[in-house]
Amino acid sequence: MTLQAADRQTSDEISKSIVKLAKRSREQKLSRADSEGDTFTVTSLGIHGGTGFTALIKFPEVAILDISSVYNKVVAFGSDAIVKPVVPLSLSYDFRAVDGLMGARFMRPIRIS
């Protein structure tokens, strides 16, 4: 039930695996095998109140996406100022596997609203 070989799975298969893993995590029933052999991690310390952090990549992984706490920020919207929720994201990656342009392209379409 891991996301190993996710590059060869459909988005529907990946989605179903994520739902199953999340359920097992909430029930505190994850095994060591559930977190071994992966190459990419999504992690969040936002629950602890941080607005930014950088996680370390653990070998043999090549990247990790960090999600921080949501906070409100005043932003310009035309000639008005509005308050919008902001979620800081940080992508760390091993330059031996991912170059800066690939990392930037990965982050570009990510939108949380």
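Kindly indicate whether ILE82 is modelled with pLDDT under 90 and either under 21 Å from GLY46 (Cβ atoms) or surrounded by 10 or more Cβ atoms within 10 Å (Cβ to Cβ) (or both). Don't jump to the end; show me each part of the working.
Numbers: modelled with pLDDT under 90: no; either under 21 Å from GLY46 (Cβ atoms) or surrounded by 10 or more Cβ atoms within 10 Å (Cβ to Cβ) (or both): yes.
No; evaluated as a whole, the condition is false for this residue.
Which count do you get for residues in the stretch 84-113 that are hydroxyl-bearing (Ser, Thr, Tyr) and touching a residue at least 40 places away in the same chain (Cβ under 8 Å)?
Count: 0.
The values are calculated or read from the model by the stated rules, or taken from the named source; none is laboratory data. Keep in mind it's a predicted model, so treat the numbers as computed, not measured. Note: ideal-geometry Cβ built from the backbone for every residue, glycine included; neighbour counts use all protein chains shown.
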